[in-house]
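Asks: Below are the structure tokens for one structure; questions will follow.
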Amino acid sequence: MTRRAILKGTGSALPRTRVSNDELAKRVDTSDEWIVERTGIRFRHIAEPDETTGTLGADAAREALKAAGLDAADIGLIIVATATPDNTFPATATKIQAMLGAPDCIAFDVAAVCSGFLYALSVADSMLRTGAANHALVIGSETFSRILDWEDRATCVLFGDGAGAVVLSAEEVGDDRGILATRLHAEGQYCDMLYVDGGPSTTGTVGHVRMQGREVFRHAVTNLASVLGEVMADVGLPADAIDWIVPHQANKRIIDATAKKLGLPAERVVLTVDQHANTSAASVPLALDLAVRDGRIKRGDLVVLEAMGGGFTWGAAVLRV
Ligand code: UT7
């Protein structure tokens, strides 16, 4: 028996307002046809002023706690993956801790943009296995609408707001349960391919998302296929053993190309990009929650999570649910 991090519950939250491609086409020179054909995106949710990364993250966390049958008081570790924190500091994790009414615990944010949830999950997995906590909340929450240049059609149509959360608990289990492997990467020499042109220490402003889309696309397909190969080699299983792949939801073409490289049929891929667009660190836990709640992902399934984003950063995880 080994101490491992087990997935006990999932939750998610979306802003009230849903925006279609046609609605966006009234603001910038674009069309539903272009967006669907190039990205697969049809809708995204956009936060109202009273909806923040903190409130959405707290809502997702409450759902995950309920699904896990735990109280906020049981949680010893809260990690929030976000590139759009409520404030420069304190960490949004501490704000969510306060919103949940969770007593003294470990709480901090992780900044790895779209790969943030994979980074946070990997850190939580290590901390649970080494005994820093027994129960952890890992949250991906974003309000990218607040850092988009709404005049730039090349980026503003791609992103949406939302949050997803998981509860992980440390348990003594056999070798085929819980988080089985994680792999993380970063190559900072590409940091100007996808970035925000502002920040507290440079411009003193929040800034806007800037992206060289074609370059990001090219690296995404290569890096994701390679990291998926690494995690499957770590667990000693062929790609065919994967029951569900829950990819980062940036572009349906990237998701299709990655699945094809692995030889995985589309039926085993969880797809939400059409409904949510790219919600950065929230996209993987949001998609995971959807597939758990609609009954696709069941106890015993082998699930693979992957993401790639600004930095560049990328990563993957394999878990037996
Ligand atoms: O989360 C990880 C980070 N994000 C990603 O993984 C995104 C990666 N990149 C992509 O998904 C794609 O590169 C995009 C969806 C961003 C762009 O698709 P593309 O097929 O690479 O298009 P492109 O950038 O090469 O642009 C093609 C054309 C351009 O016009 P010209 O120069 O060919 O006349 C653009 O100006 O499409 C034009 N264009 C648009 N047209 C209508 C760019 N954005 C739009 C738009 N509506 N919203």
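Asks: Choose one of I106, T17, V138: the residue whose Cα lies farthest towards the positive end of the charge dipole of the chain (beta-carbon charges +1 Lys, Arg; -1 Asp, Glu; about the Cα centre).
Replies: V138
Asks: Ok, one more. Which order, highest average first, do 157-170, 88-101 follow once you tally other Cβ atoms within 10 Å for each residue and take the mean per peptide?
Replies: 157-170, 88-101
Asks: From the residues Q189, V235, Q212, which one has its Cα farthest along the dipole of the stretch 148-239 in the positive direction, the dipole being from +1 and -1 charges on Cβ of Lys/Arg and Asp/Glu about the Cα centre?
Replies: Highest projection toward the positive end goes to Q212.
Asks: Using a ≥ b ≥ c from the Cα gyration tensor of the chain (square roots of the eigenvalues), is it rounded, prolate or oblate, where a/c under 1.5 gives rounded and otherwise the larger of a/b and b/c decides, a/b for prolate?
Replies: oblate
Asks: Would you mind putting 146-153, 190-197, 9-16 in packing order, based on average other-beta-carbon counts within 10 Å, highest first?
Replies: Peptide ranking by packing, descending: 9-16, 190-197, 146-153.
Asks: Which residue, R18, R27, R296, tops the fluctuation ranking in a GNM of the chain built on C-alpha contacts under 10 Å?
Replies: Of R18, R27, R296, the Gaussian network model singles out R27 as fluctuating most.
Asks: Let a ≥ b ≥ c be the square roots of the eigenvalues of the Cα gyration tensor of the stretch 244-321; is it rounded (a/c under 1.5), or, if not, prolate (a/b larger than b/c) or oblate?
Replies: rounded
Any read-out appearing in this document is the output of simple, stated calculations on the displayed coordinates, not a laboratory observation. Because the structure is predicted, anything quoted here is derived from the model rather than measured. So basically every Cβ, Gly included, is an ideal-geometry build from the backbone, and we count neighbours across all protein chains shown.
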